[in-house]
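What follows is a short report on a single structure.
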Amino acid sequence: MSFLPFAAAAWLFVVGLWGVVTSNHLVRTVICLGVVQASTYLVLLGVGYRHGAKAPIVADVSPHARLVDPVVQVLVLTDIVIEATVAALLLALVVQAHRRFGSVDPARLRALRH
Amino acid sequence: MSARARTILFVVAGAGLLAVLLVGLGALPPFGHFRGALGHAVMARELGARHATDYVTALNFDLRAFDTIGEEAILFAAVTGVVMLMRHMREEDQSQRRRRAEDHRFQGASEALRVQALLMVVLIVAFGIYLDLHGSLTPGGGFQAGVVLSAGPAVVMLAGRYLTLRRVAPDWVIEAFESGGAAGFVLIGIGGLIFGDAFLQNFLPYGTPDQLLSAGTMPLVSIAVGLEVTGGLLLIFSEFLDQSLLSTTEGQ
Amino acid sequence: MTTLQICALAVVCVSGTAIALTPSPLRQTLLMAIFGFALTALFFAFQAPDVALSELVVAGVAMPMIILAALRRLADQTPKGDPPGVQDKHSGSERQGER
């Protein structure tokens, strides 16, 4: 039972990768990449969790109480916003690719090089 | 390689990847028994001394501020990339259409939508500023507040008042927000060099905990990051949304 | 694990799998919003309110807007050049699959 978060993260990782690999639309690729990113957040937060501990906000909790680890939360927090903008950059590239080559299908774009 | 062969190959490889991941993640300490010492040490000594009550934001903007500057640089670079790509495309199309279009309502922008948008903008901006200033006290901070604040003008855009928005907040204002935020963060870091010992050191007085002006440079950094994230996301929205809204008018 | 964590984790897994299995990007956007809300509940259950707030605003506001704007832009613009010598049977179904 205690392995569930990590198992779910591993499953999300593989399922997201499957979506990326078998996608026939470049926007689908970007969205499934978001699923892969979410699995990494799950692993990081699952690592830092402590049973029966409180959030690391000490405005109303004593600083000496049992708190979850704040360092991993820092990593995830900035990551979520930054990867949204990186996804926007990828979508701008998709729009450009459609404009230049007339297709958003990765298979057809690959065929252009032959 | 055909799509079918690719799918079969991935199913095989994916099963192997899943097995490796499960074995690897199984070697971690069991869920709920994190043994890390860094968090304990940091919480016990450093964060309390800075009179900040939100440890996550304190770590983000003070102890690990160098990390956050790197992440901000990623955001800045990504937004610059989007702007370069989309503006290059926009210049290649006819730019005359833009000046001839009047302030339009796209299909479905009723009066109810506009009134609701006005109410929402007020609430969104107020909440965003609250989140930004209270970053070091309660859950919040620059990144969340930046995204919330960028939703305000986006709501105005969606209610059909796009050209009004462009008159109130033209491109250079949004770009000034973003660059000002990024530069502000770096300047605060240089202030740490000048008035303190190291780049990004917290050099302002710490104040009393739970007050708005406490924890040194953290509120300032939070404001700078909030400005940058707001400007960045607004630039992305406006680059993607403007041409599609305008071409709706032409087709009617 | 608490009950809230297990329920949130279940919804996260189901919606994540649904995102990967859905063919249309438009439907995936709605599923991504549901995925984001489930992740927010899960992050709250993991005692991480800052992270939950961040995930809520990004997956609820920023990402759907960016994706929908990109999809609208793709549907509106006319491509400058056609790919040389490649058969055209897919592009028609792509356009119809968006709406």
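Which one is nearest to B:E46 (Cα to Cα), of the residues in the stretch B:193-223 that are assigned to a helix (DSSP H, G or I) and in contact with a helix residue (DSSP H, G or I) (Cβ under 9 Å, 6 or more places away or on another chain)? Outline the logic, then answer.
We begin by selecting, within the stretch B:193-223, every residue assigned to a helix (DSSP H, G or I); these are B:193-195, B:218-223.
Those still in the list that are in contact with a helix residue (DSSP H, G or I) (Cβ under 9 Å, 6 or more places away or on another chain) too: B:218-223.
Working: B:M218: 14, B:P219: 17, B:L220: 19, B:V221: 18, B:S222: 19, B:I223: 22 Å.
Among residues in the stretch B:193-223 that are assigned to a helix (DSSP H, G or I) and in contact with a helix residue (DSSP H, G or I) (Cβ under 9 Å, 6 or more places away or on another chain), the one nearest to B:E46 (Cα to Cα) is B:M218.
Does A:Q73 qualify as being facing chain C (nearest Cβ under 7 Å), in a helix (DSSP H, G or I) and among the polar types (S, T, N, Q)?
Considered against the rule, which asks whether it is facing chain C (nearest Cβ under 7 Å), in a helix (DSSP H, G or I) and among the polar types (S, T, N, Q), A:Q73 comes out as yes.
For a quick check of your reading of the model, give me the residue pairs whose first member lies in the stretch A:9-29 and is more than 22 Å from C:L42 (Cβ to Cβ), whose second is not in a helix (DSSP H, G or I), with beta-carbon atoms closer than 7 Å and at least 6 apart or on different chains.
The qualifying pairs are A:N24/A:D105; A:H25/A:V104; A:H25/A:D105; A:L26/A:V104; A:V27/A:V104; A:T29/A:S23.
Just to check your reading of the model, which residue among B:M1, B:M86 is over 30 Å from B:P209 (Cα atoms), modelled with pLDDT of 85 or more and not small (G, A, S)?
B:M86
Go through the stretch A:11-30 residue by residue and tally those that are at the interface with chain C (Cβ under 7 Å from one of its Cβ atoms) and not in a loop (DSSP other than H, G, I, E, B).
Restricting attention to the stretch A:11-30, the residues satisfying the condition of being at the interface with chain C (Cβ under 7 Å from one of its Cβ atoms) are A:11-12, A:15-16, A:18-19, A:25, A:27-28.
With not in a loop (DSSP other than H, G, I, E, B) added as a condition, the list becomes A:11-12, A:15-16, A:18-19, A:27-28.
Going through the stretch A:11-30 one residue at a time, the tally reaches 8.
Here is a yes/no grid of residues against (1) of a type in the set (S, T, N, Q); (2) closer than 23 Å to B:I236 by Cα; (3) within 7 Å of another protein chain (Cβ to nearest Cβ):
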position	(1), (2), (3)
A:L33	no, yes, no
A:G46	no, no, yes
A:G52	no, no, no
A:V58	no, no, yes
A:V95	no, yes, yes
A:P106	no, no, no
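Going by the conditions given, is A:L75 hydrophobic (A, V, I, L, M, F, W, C) and crowded, with 21+ Cβ neighbours inside 10 Å?
So A:L75 does not fit the description; no.
Out of the residues in the stretch A:33-57 meeting the condition of being outside any helix (DSSP H, G or I) and touching a helix residue (DSSP H, G or I) at 6+ places or on another chain (Cβ under 6 Å), tell me which one is surrounded by the most Cβ atoms within 10 Å (Cβ to Cβ).
A:P56
Check whether at least one residue in the stretch B:156-176 is among the aliphatic types (A, V, I, L, M), under 25 Å from B:T138 (Cα atoms) and modelled with pLDDT of 80 or more, and report yes or no. Before the answer, list the steps.
The first filter runs over the stretch B:156-176 and keeps only residues among the aliphatic types (A, V, I, L, M), leaving B:156-159, B:163, B:165, B:168-169, B:173-174, B:176.
Still in the list and also under 25 Å from B:T138 (Cα atoms): none.
Checked the stretch B:156-176: no residue is among the aliphatic types (A, V, I, L, M), under 25 Å from B:T138 (Cα atoms) and modelled with pLDDT of 80 or more.
Among the numbered criteria (1) farther than 30 Å from B:V168 by Cβ; (2) within 24 Å of the chain's Cα centre (by Cα), which one does B:F195 miss?
(2)
A:Q96 is checked against (1) surrounded by fewer than 19 Cβ atoms within 10 Å (Cβ to Cβ); (2) not in a helix (DSSP H, G or I) and fails just one. What number does that condition carry?
That leaves (2) as the condition not met.
Can you tell me how many residues in the stretch C:41-69 are within 30 Å of B:E91 (Cβ to Cβ) and either more than 7 Å from chain A (Cβ to nearest Cβ) or at pLDDT below 90 (or both)?
Here the count works out to 5.
The values are calculated or read from the model by the stated rules, or taken from the named source; none is laboratory data. All of these numbers come straight from a predicted model, not from anything done at the bench. When we count neighbours, we look across all protein chains shown, and the Cβ atoms used for this are built from the backbone with ideal geometry, even at glycine.
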